[in-house]
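What follows is a short report on a single structure.
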């Protein structure tokens, strides 16, 4: 076994892979937050709760309807996205014109309700969700053993993130979206249905969270509070990256996951707090965030 | 967030001052006779939370800064006072003062970091910093992790008042609360408080008038942190323990909820909100997670249709400033 700085390569690369997977979830979640923030100007506090609902959706689909992982990867985000559309249409829309902090408080309330309901029903313990058959096992790369499912999560998340970036930055639909972010009134005057766009954007953002939830289900167990603490780290990631840039959110997410993984190898005591420490440093050096435009 | 219109006329100012004095007297009398009707331990807890909510409201209601991390001041101060009273054996008044100063010190560092961002970013930064403090409390040896610090001795206040006697403790806690409340009231109505409100209403204009907005914001942040710490330090002596619950993010959320229910930017709102929420928690305690669901529902309802809160609504109805 190869040794690097007194640490076996299996331990080092294993933790790096775990870090990369966490980074993939950070990227998917902070991407959703950034997209929602761009259009609605709110921080979606319910994001962690909806990530959890995504994982539970996959669990219900399997255990109640016998629908497996692959269809769940599509159905769960759709269901949660629809739920998001309902939240936006019935509640968030009424807050237009008020201080943005009210949106934050409202979504925090929604998060408490959703998490409370699931905790009431399922307690705090985790429910198992098996890795799909086609992704079981793994391969030996010489310097480490690579489980197939983990490789899949990293690659698939990366593809989804890049596709989102492409749609927003390079297509006509994305151009409308960016224009509506800059100046909704003028875009409306051109005949674009901006309120519908806002609703769908919120739905899409939370669908990304749900997708991350489904991907996480076989790795971390399905727990009612799986998103509660996780989302706070994602907020720190968002502060570090700044929500102005789509690519910035993706890069920051993966980067911080990697740093967290490295910390787990070399100084495990700090692995819980390293992201927050980096946030503090970034606030001191570049308050607007690494990719932020305005302070 | 909630704009409280301040009339320029001195006569109306004087009448506001009188209304507030009357309301304060009513509150003090009600709290003084409350142990005749309600369980003192419950009341003391509610009073500590009322102070916590008032401290939080100082920042949100009068500077417009929504902190989502006030649990870090409340929680760490309760650890400090429990540790100082139990391990160092200091008398309660010194334990409370030292813990309050400790919370203020944390406030200086976290405040200097978080006021570098505004609005929702400020909320996210404070939440992340408080989560960092939470992990620190989880791992630091002196907090005893999941067990917390238990069996904190209450001792004698100033060597005179035996705090293990329940009614003595009650009136000491009430005294601390009323003094802190008057202090907050003084801050809000001072020239310093006027600058804070100016920053809340229009920060660029306040800066252009020559006020160093960041310094004012930091000062308000540290005051708010110290007062939240005072609440936590007192609470640790009341419940004789300090635990992770007080540093957890849900505690930060509770401050927001209490202020929202009672009335944002009102002086008495946080007190009313704290009593309502603590009463609800006690009432629903046996139903497990129902408390969380109820809190979430209250959040949603308050934001959608009841943004003035209880006291704000009353003040609006009678056209008074409370």
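Readers should treat all values here as calculations from the given coordinates under stated rules, not as data from a laboratory. None of the values given here were measured: they were computed from a predicted structure. Cβ atoms come from the backbone with ideal geometry, glycine included; neighbour counts cover every protein chain shown.
What shape does the range A:212-274 have by the C-alpha gyration tensor, where a ≥ b ≥ c are the square roots of the eigenvalues, rounded means a/c under 1.5, and otherwise prolate means a/b greater than b/c and oblate the rest?
Numbers: a/c = 1.75, a/b = 1.10, b/c = 1.58.
The shape class here is oblate.
Given the options A:258, A:92, A:101, state which has the largest fluctuation in a GNM of chain A using a 10 Å cut-off (strictly under) for Cα springs.
Sorting by GNM fluctuation, first place goes to A:101.
Give the order of B:197, A:172 when sorted by the count of other beta carbons within 10 angstrom, beginning with the fewest.
By the 10 Å Cβ count, ascending, the order reads A:172, B:197.
Let me have the relative contact order for chain A, percent, based on Cα pairs under 8 Å that are six or more residues apart.
Relative contact order for chain A comes out at 37 percent.
Round to the nearest 0.05 the FRET efficiency obtained for residue A:130 and residue B:209 when R0 = 56 Å and r is the Cβ-Cβ distance.
The calculated FRET efficiency here is 0.30.
Between residue B:39 and residue B:118, with labels modelled 7 Å along Cα→Cβ, what's the label distance in nm to one decimal, could you check?
Output for this residue pair reads 4.7 nm.
Taking neighbour counts of Cβ atoms within 10 Å as a proxy for exposure, in what order, fewest first, do B:52, B:283, A:59, A:176 appear? Each step should come with its number before you reach the end.
On the way: B:52 30, B:283 11, A:59 21, A:176 16.
Neighbour counts put them in this order, fewest first: B:283, A:176, A:59, B:52.
When chain B is treated as a GNM, springs tying every alpha-carbon pair under 10 Å, which of B:256, B:301, B:276 comes out with the largest mean-square fluctuation?
Of the options given, B:301 has the highest mean-square fluctuation.
Could you work out the relative contact order of chain B? I mean the mean sequence separation of Cα pairs under 8 Å and 6+ apart, divided by the number of residues, in percent.
32 percent
Under the definition of partner shielding as Cβ atoms of other protein chains within 10 Å of a residue Cβ, what is the mean value for peptide B:125-138?
Mean inter-chain Cβ contacts per residue within 10 Å come to 5.
By its C-alpha gyration tensor, with a ≥ b ≥ c as the square roots of the eigenvalues, how is the range B:1-134 shaped: rounded for a/c under 1.5, else prolate for a/b larger than b/c, else oblate?
Cα axes put the range B:1-134 in the oblate bin.
Residue A:267 to residue A:70: FRET efficiency via 1/(1 + (r/R0)^6), r the Cβ-Cβ distance, R0 30 Å, to the nearest 0.05?
Values: r = 39 Å, r/R0 = 1.30.
Once rounded, the FRET efficiency stands at 0.15.
Please compute, for peptide B:110-122, the average count of beta-carbon atoms on other protein chains lying within 10 Å of each residue's beta-carbon.
That works out to 5 on average.
For a quick check: sort B:254, B:93 by the number of other beta carbons within 10 angstrom, fewest at the front.
Ascending Cβ contact count within 10 Å gives the list B:93, B:254.
Set the Förster radius R0 to 41 Å, insert the Cβ-Cβ distance between residue B:158 and residue B:202 as r into 1/(1 + (r/R0)^6), and round the FRET efficiency to 0.05.
Details: r = 46 Å, r/R0 = 1.11.
Here the calculated transfer efficiency is 0.35.
I need the P(r) histogram for chain A: all alpha carbon pairs, bin width 10 Å from 0 out to the longest distance, whole percents.
P(r) over chain A, rounded to whole percents: 6, 27, 35, 23, 8, 1, 0.
I want to check the label-to-label distance for residue B:245 and residue B:32. Put each point 7 Å from Cα in the C-beta direction and report it in nm to one decimal.
3.1 nm
Averaged across the residues of A:237-245, what count of C-beta atoms belonging to other chains lies within 10 Å of each residue's C-beta?
2
If I histogram all Cα-Cα distances within the range B:39-248 using bins 5 Å wide from 0, what percent of pairs lands in each bin?
The distribution over the range B:39-248 is 1, 8, 16, 20, 18, 14, 10, 7, 4, 1, 0, given as percents.
What does the highest-first list of A:205-218, B:19-32 look like by mean Cβ count within 10 Å?
Answer by packing, highest mean first, reads A:205-218, B:19-32.
Gaussian network model of chain B, Cα springs within a sub-10 Å range: biggest mean-square fluctuation belongs to which of B:55, B:236, B:128?
Maximum among the listed residues: B:128.
Using Cα pairs closer than 8 Å and at least 6 residues apart in sequence, work out the relative contact order for the range B:193-322, in percent.
20 percent
Note down the nm distance, to one decimal, between modelled labels 7 Å out along Cα→Cβ at residue A:178 and at residue A:141.
Result for the modelled spin labels: 3.3 nm.
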